[in-house]
1. Out of all the residues in the range B:367-376, is one or more outside any strand (DSSP E or B), open to solvent by less than 20 Å² (accessible area, probe 1.4 Å) and at the interface with chain A (Cβ under 8 Å from one of its Cβ atoms)?
2. Could you tell me which of the residues B:238, B:232 is of a type in the set (Phe, Trp, Tyr), outside the structural domain of residue B:326 (by TED's automatic domain parsing) and part of a loop (DSSP other than H, G, I, E, B)?
3. Return yes when residue B:72 is within 14 Å of the ligand (Cβ to nearest atom), more than 14 Å from chain A (Cβ to nearest Cβ) and out of contact with any Leu (no Cβ under 9 Å at 6 or more places or on another chain) and no when it is not.
4. Somewhere in the range A:61-68, is a residue in a helix (DSSP H, G or I), open to solvent by 30 Å² or more (accessible area, probe 1.4 Å), among the aliphatic types (A, V, I, L, M) and more than 25 Å from residue B:412 (Cα to Cα)?
5. What's the number of the condition residue B:71 fails, among (1) within 21 Å of the chain's Cα centre (by Cα); (2) within 26 Å of residue B:334 (Cβ to Cβ); (3) open to solvent by 10 Å² or more (accessible area, probe 1.4 Å)?
6. Does at least one position in the range B:276-288 carry a residue that is without any contact (Cβ under 8 Å) to a residue 40 or more places away in the chain, open to solvent by less than 20 Å² (accessible area, probe 1.4 Å) and more than 25 Å from residue B:335 (Cα to Cα)?
7. Any idea which of (1) at the interface with chain A (Cβ under 9 Å from one of its Cβ atoms); (2) crowded, with 24+ Cβ neighbours inside 10 Å; (3) touching a strand residue (DSSP E or B) at 6+ places or on another chain (Cβ under 6 Å) is the one residue B:388 doesn't satisfy?
8. Identify all residues within the range B:408-425 that are more than 7 Å from chain A (Cβ to nearest Cβ) and open to solvent by 30 Å² or more (accessible area, probe 1.4 Å); write none if there are none.
Amino acid sequence: MKKALLTTALGVAVLFTTPALAGSGGATPSAENLNGALLASGCVVCHGQGGDSQGHIPSIDGLNKFQMVNALMEFKSGARKGTIMPRIAPGYTDAQIEAIASEIAGN
Amino acid sequence: MSNAKYNNTSRRDFLKIAGATGAAASAFAIGGCAMGPSGTGPRVVVVGGGFGGATAARYVKKFGPDFRVTLIEPQTSYVTCPFSNAYLGGIVDLNTITHGYSGLSKIGVHVVHDMVTGLDGAAGTVTLSSGKVVEYDRLIVSPGIDFKWNMDGYDEAASMLVPHAYKAGSQTVLLKKQLEAMDDGGTVIIAPPGNPFRCPPGPYERASMIAFYLKNHKPRSKVLILDRKDKFSKQGAFTEGWKRRYGNMIEWVPAKDVGIISSVDAGARSISTEMDTHKADVLNFIPNQKAGKVAHAMGLTGGGDWCPVDQITFESSVVPGVHVIGDAAVIKGMPKSGNAANSQAKVCAWAVVQLLSGATEVEPAVTSNTCYSLVSDDYGIHVSVIWKGTAEGYKKTSGGVAPANMDDAFRKAEAGYAHGWYANISHDIWG
Ligand SMILES: Cc1cc2nc3c(=O)[nH]c(=O)nc-3n(C[C@H](O)[C@H](O)[C@H](O)COP(=O)(O)OP(=O)(O)OC[C@H]3O[C@@H](n4cnc5c(N)ncnc54)[C@H](O)[C@@H]3O)c2cc1C
């Protein structure tokens, strides 16, 4: 059944508009592109939708991409102190940090 | 071309779902209608509107705006286990931890309040308790846990006297009422389950929140934890916090000293081991666990307690085209938590959208879990992990537990962040 579904899906792939498709000009779905959205989707559980936090955790929607990359890289290196971010930031590669910042702050 | 197929099936689907509720077929309009999911794309059906399922429904719609998403959930409102311990402590009310489904309806998810009773994987359909049959192109199942009612003396009827409070709602309210009715000087016994179980820090946060309530209202009382394990999650951080806030009010006894619990007497509120009988004034017995009942009925456990899945897409190893996430699934390296279920749902939604858009392979994801526990109203502790997905499971790339011996300001900040996490993750899930 899986195979049948995939075949069907392949035949109609071009009909569906996903952010990935939209972002890559309607070509095949780009893992890279969705991956930024997927990576950043982990941030919103604490920092809120689009970085707009409800409650005590700082909002991050006011940061531009450069500031966000900078903050994450500082948490990653240990130069910047925090309660939890020093344990989270080192889990991401530099490229993933770029992708997250692009997704939340835009380019 | 195949577009017609989806429109046709949409119509059939609509007739099936709406027919029994008496809606007129003429209400159908291209691009969706009030009674069906919005969109004209592939049909994704989600079973269970808890942490995993509600997130999956939202994120399939987010990653594939044209996808037609149906969520099947029997309850019209959902009480979260996260922060249900804070409710026991008197820190939040029941309303704060109760969520409805209108936020999902608003983004075009078709929410059906019914119960799934069966699965036909070959036909690609699920059956509901009302008798309706719903077709899917891919199915995502997140039914949570069920209890192993095999402890001598502890069955569903006994849980009405001795609450487990490990599915939030009436059970949590019952436990709170019992705490309120208890005299000062009483003993509350918590018996945490054996591994694996949902929310590894849950019973110990519960001990903290009960102690918080007792310290404020019945300060001569005691919390005794009779464990079925010899160690527990965030143990160092909890132990430090208990000392700092409650002195000796909480006593934890490891399994090796408790012995094997052989029976529960719900009427007498006591627990017996081969060596001893422990009598409580309030008894919170938490049974051992397995995947939610419907996962077994759908044949997704392959005869075991939990549902085996592909570690990258969370597609069932037993029934192709069906994905299982959350507490019910075996996702190696991750704990059974609400945040993990939320993360898995996003990874799964991403995989499902890609697979139904023509991808034949899905890249492993980088994902995370952050879990705050409240030791007191002004004392929070976290554990946080980032993982890299592999075919064998999730490998930690960083993370850890809140460091030891931090000052009160640090702990207080984390208590605030715990509330912030709750507000933001609930908004991410239910809107
Ligand atoms: C006391 C306690 C405290 C906790 N604290 C935290 C915390 O602070 N942080 C954290 O991350 N996690 C916490 N958790 C864990 C968290 O609650 C679970 O891990 C999470 O709920 C799992 O999500 P799920 O989607 O697998 O299951 P659930 O959230 O249980 O959702 C399952 C849903 O499926 C529905 N369902 C069941 N059967 C059917 C059927 N036949 N048809 C349709 N729908 C069905 C149910 O009604 C339910 O809504 C805590 C748990 C407990 C018990």
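The values are calculated or read from the model by the stated rules, or taken from the named source; none is laboratory data. Since this is a predicted model, take the numbers as computed values, not measurements. Don't worry about glycine lacking a Cβ; one is built from the backbone with ideal geometry, like all the others, and counts go over all protein chains shown. Only protein heavy atoms, including side chains, enter the accessible area calculation; ligands, DNA and RNA are left aside. Shrake-Rupley method; radii C 1.70, N 1.55, O 1.52, S 1.80 Å.
1. Looking through the range B:367-376, none of the residues is outside any strand (DSSP E or B), open to solvent by less than 20 Å² (accessible area, probe 1.4 Å) and at the interface with chain A (Cβ under 8 Å from one of its Cβ atoms).
2. B:232
3. It is false that residue B:72 is within 14 Å of the ligand (Cβ to nearest atom), more than 14 Å from chain A (Cβ to nearest Cβ) and out of contact with any Leu (no Cβ under 9 Å at 6 or more places or on another chain).
4. no
5. The number of the failed condition is (3).
6. No, the conditions are met nowhere in the range B:276-288.
7. The one condition residue B:388 does not meet is (2).
8. B:408, B:409, B:412
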